[in-house]
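Scroll down for the structure; my scribbles are underneath it.
The values are calculated or read from the model by the stated rules, or taken from the named source; none is laboratory data. Model, not experiment: these values are computed from the prediction. Virtual Cβ from ideal backbone geometry, glycine too; neighbours counted across all protein chains shown. In case anyone asks, the SASA skips ligands and DNA or RNA and just uses the protein heavy atoms, side chains included. Shrake-Rupley method; radii C 1.70, N 1.55, O 1.52, S 1.80 Å.
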Amino acid sequence: MLIGGPSFWFTELGGTPRRRPRLPGGVDCDVAIVGAGYTGLWTAYYLKRADPSLRVIVLEREFAGYGASGRNGGWLAGAVAGMHDDATVAAIRATVDEVGRVAAAEHIDCAFHRGGALAVATGPTQLERLREHPLAHGGQWLEPAQLHERVRIAGALGAVYDPDVARIQPAALVRGLAVAVERLGVPIYEGTPATAIEPRVVRTPFGDVRAARIVRATEGYTADLPGLKRLLLPLRSTIVVTAPLPDDVWAAIGWENAETIADAALSYAYIQRTADGRIAIGGRGRPYYFRSGSDRYGEVENWAVRRLTAKLHELWPATRDVPIAQAWSGVFGALRDWTPMVAFDPATGIGWAGGWVGEGVAAANLGGRILCDLVRGESSDLTRLPMVNRPAPRKWEPEPLRLLASHGVYWVIDQADRQEAETGRASRLYDLAKLVSGREAE
Ligand SMILES: Cc1cc2nc3c(=O)[nH]c(=O)nc-3n(C[C@H](O)[C@H](O)[C@H](O)COP(=O)(O)OP(=O)(O)OC[C@H]3O[C@@H](n4cnc5c(N)ncnc54)[C@H](O)[C@@H]3O)c2cc1C
């Protein structure tokens with residue numbers, strides 16, 4: 001089994017990509033974007049489409065897609081964490097098709113498949129939770145027999161089907177997007193860290209970038225920048241992917257429509273059937289590194305691999321003999337109120353978007369389109385969404401509280417799951433986890 005790497009998605013594309021050249025020296029431009037993940041690249045894409053005369057450049061510390069954008073679970077979901085107002089819901093649901101549209105128009109082969117998503121209950125308390133909130137999931141209730149026609153999951157008691165979700169190959173999307181952006185005339189300088197972002201200037205070891213406008217799209221790595229240590233908490237998530245399943249195992253499972261799947265445990269797992277017939281299942285590993293340390297090239301703890309593999313076997317006992325091919329981790333960013341924001345300050349010329357938590361694949365496209373309008377000084381339906389220029393939440397606690405709280409919350413959630421499985425009743429511990437984390441919105 002391959003560990004880290006930074007993800008199977010890049011392995012599938014031939015390995016870690018060769019880096020583009022770094023910044024050749026100091027430059028002037030109209031818009032400098034820091035970070036070549038979905039947020040930065042979508043912003044560059046829409047800016048150049050809107051105004052081809054703009055001189056836009058992208059600075060990337062590693063390579064395009066190195067962060068969460070090249071490592072995620074590939075759920076292109078019509079949801080923004082913590083934002084349930086009608087305007088945001090309509091905008092993000094339309095975003096699923098927008099990503100599919102651009103991928104087709106730009107010939108990005110990212111295994112886009114709009115199969116919807118299933119949230120599946122495998123215990124009585126999970127069932128209660130799902131039944132209470134079927135509309136919150138924007139979906140349709142499926143009884144076990146109806147679910148069985150789609151996919152056979154051991155012990156499933158029911159599910160909610162949400163049609164507004166597509167499955168993608170994450171690294172293929174970010175890599176294709178980088179190429180599309182370059183085609184529009186945007187240079188992407190890789191191996192080029194921004195060491196400071198100041199009004200109208202980005203500092204790098206290779207020279208200053210002077211720009212009228214600057215977009216910070218550094219998400220789970222933002223804490224490395226001066227003055228931003230406690231804005232976004234870098235939270236880790238871990239994924240394992242199997243070898244391709246033999247035909248008889250697929251025959252036992254069904255799942256022909258390749259919906260994305262999540263279980264309804266509190267420490268939920270997110271799952272996709274890959275285009276080449278594997279199962280990728282993601283969930284918790286170690287949640288956080290001391291002092292907001294961000295990433296160690298996708299490293300994974302053995303216990304996290306064991307835990308995710310056990311979950312896989314629990315849901316689909318027929319996969320027991322299928323080897324795990326690769327495991328990796330990544331970081332996403334969370335603001336203190338667990339709700340994303342997009343901001344632009346005309347006085348400094350600095351904008352940013354992030355805090356997508358674990359729901360940034362579609363949301364980063366929406367964020368990119370919002371930033372495009374904000375940077376160009378245009379007012380639109382998108383710039384009026386509640387996440388735009390909202391008051392920033394308070395900062396995360398200083399250490400060691402951040403470490404204790406993040407590890408503590410996940411420990412409590414695990415205990416709550418265990419209690420629920422043992423007793424069949426809702427655990428009060430979950431309320432405690434919500435209280436400690438401040439995560440009321442979900
Ligand atoms: C394991 C995992 C699974 C996930 N699964 C899903 C999912 O299924 N569905 C979903 O919707 N969301 C999911 N997410 C979240 C989603 O992937 C992210 O929200 C999204 O990719 C964020 O994109 P981004 O461009 O904002 O950040 P990133 O993709 O992290 O990009 C930030 C980039 O900035 C670069 N950078 C950072 N600092 C600097 C600097 N100082 N100078 C220059 N460059 C810098 C980094 O190298 C990186 O390439 C998952 C996240 C993880 C980690």
Checklist (1) open to solvent by 50 Å² or more (accessible area, probe 1.4 Å); (2) within 15 Å of the ligand (Cβ to nearest atom); (3) at pLDDT 95 or above applied to R49, failing item: (2)
Matching residues, the stretch 99-123, being among the charged types (D, E, K, R) and open to solvent by less than 40 Å² (accessible area, probe 1.4 Å): E106
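Which ones in the stretch 29-46 are near the ligand (Cβ under 10 Å from one of its atoms), in contact with a Gly (Cβ under 6 Å, 6 or more places away or on another chain) and either within 14 Å of R213 (Cβ to Cβ) or outside any helix (DSSP H, G or I) (or both)?
I33, G37, T43 - these are the residues of the stretch 29-46 that are near the ligand (Cβ under 10 Å from one of its atoms), in contact with a Gly (Cβ under 6 Å, 6 or more places away or on another chain) and either within 14 Å of R213 (Cβ to Cβ) or outside any helix (DSSP H, G or I) (or both).
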Filtered residues of the stretch 60-72 (kept if buried (at least 24 other Cβ atoms within 10 Å of the Cβ), farther than 14 Å from A363 by Cβ and within 6 Å of the ligand (Cβ to nearest atom)): E60, Y66, G67, R71
Unmet requirement for R175, which otherwise passes all of (1) over 30 Å from E420 (Cβ atoms); (2) within 9 Å of the ligand (Cβ to nearest atom): (2)
Total residues in the stretch 73-98, condition touching a residue at least 40 places away in the same chain (Cβ under 8 Å), surrounded by fewer than 18 Cβ atoms within 10 Å (Cβ to Cβ) and aliphatic (A, V, I, L, M): 2
Hey, W316 open to solvent by 10 Å² or more (accessible area, probe 1.4 Å), of a type in the set (F, W, Y) and farther than 26 Å from A363 by Cα or not: no
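Test of understanding: among I413, I370, which residue is aliphatic (A, V, I, L, M), open to solvent by less than 60 Å² (accessible area, probe 1.4 Å) and within 16 Å of the ligand (Cβ to nearest atom)? Give the steps one after another, and end with the answer.
Numbers: I413 fails: within 16 Å of the ligand (Cβ to nearest atom).
Just a single option satisfies the conditions, and that option is I370.
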Residue match in the stretch 196-207 (condition: within 30 Å of G26 (Cα to Cα) and of a type in the set (S, T, Y)): yes
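Each row is one residue, and each column tells you yes or no for (1) hydroxyl-bearing (S, T, Y); (2) on the phi < 0 side of the Ramachandran plot; (3) crowded, with 22+ Cβ neighbours inside 10 Å.
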| residue | (1), (2), (3) |
| --- | --- |
| R131 | no, yes, no |
| A154 | no, yes, no |
| P163 | no, yes, no |
| R167 | no, yes, yes |
| L173 | no, yes, yes |
| V179 | no, yes, no |
| E182 | no, yes, no |
| G185 | no, no, no |
| E198 | no, yes, no |
Of all residues making up the stretch 90-111, the number that are among the β-branched types (V, I, T) and within 15 Å of the ligand (Cβ to nearest atom): 4
Residues of the stretch 231-243 satisfying the condition of being open to solvent by less than 20 Å² (accessible area, probe 1.4 Å) and either over 17 Å from G5 (Cβ atoms) or without any contact (Cβ under 8 Å) to a residue 24 or more places away in the chain (or both): L232, L233, P234, L235
G285, sole failed condition from (1) more than 12 Å from the ligand (Cβ to nearest atom); (2) touching an Asp or Glu at 6+ places or on another chain (Cβ under 9 Å): (1)
Lone qualifier among V331, V361 - being surrounded by 20 or more Cβ atoms within 10 Å (Cβ to Cβ), under 22 Å from R61 (Cα atoms) and out of contact with any Ser or Thr (no Cβ under 7 Å at 6 or more places or on another chain): V361
Boolean, L228 is more than 15 Å from the chain's Cα centre (by Cα) and either outside any loop (DSSP other than H, G, I, E, B) or surrounded by fewer than 20 Cβ atoms within 10 Å (Cβ to Cβ) (or both): yes
Qualifying residue in the stretch 212-225 (condition: touching a residue at least 40 places away in the same chain (Cβ under 8 Å) and open to solvent by 50 Å² or more (accessible area, probe 1.4 Å)): yes
Test set (1) open to solvent by 10 Å² or more (accessible area, probe 1.4 Å); (2) modelled with pLDDT under 95; (3) within 22 Å of I168 (Cβ to Cβ) - I3 fails condition number: (3)
Residues within the stretch 182-225 that are within 10 Å of the ligand (Cβ to nearest atom) and part of a loop (DSSP other than H, G, I, E, B), tallied: 9
Residue selected from the stretch 10-43 under the condition among the hydrophobic types (A, V, I, L, M, F, W, C) and within 21 Å of T195 (Cβ to Cβ), by the criterion surrounded by the most Cβ atoms within 10 Å (Cβ to Cβ): I33
Test for I279: is it more than 17 Å from the chain's Cα centre (by Cα), of a type in the set (A, V, I, L, M) and open to solvent by less than 10 Å² (accessible area, probe 1.4 Å): yes
Yes/no for P391 being open to solvent by 70 Å² or more (accessible area, probe 1.4 Å), closer than 20 Å to G82 by Cα, part of a loop (DSSP other than H, G, I, E, B) and not aromatic (F, W, Y): yes
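So, in the stretch 237-286, exactly how many residues are among the basic types (K, R) and in contact with a Leu (Cβ under 8 Å, 6 or more places away or on another chain)?
1
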Tally of residues being among the aliphatic types (A, V, I, L, M) and within 6 Å of the ligand (Cβ to nearest atom) across the stretch 348-361: 1
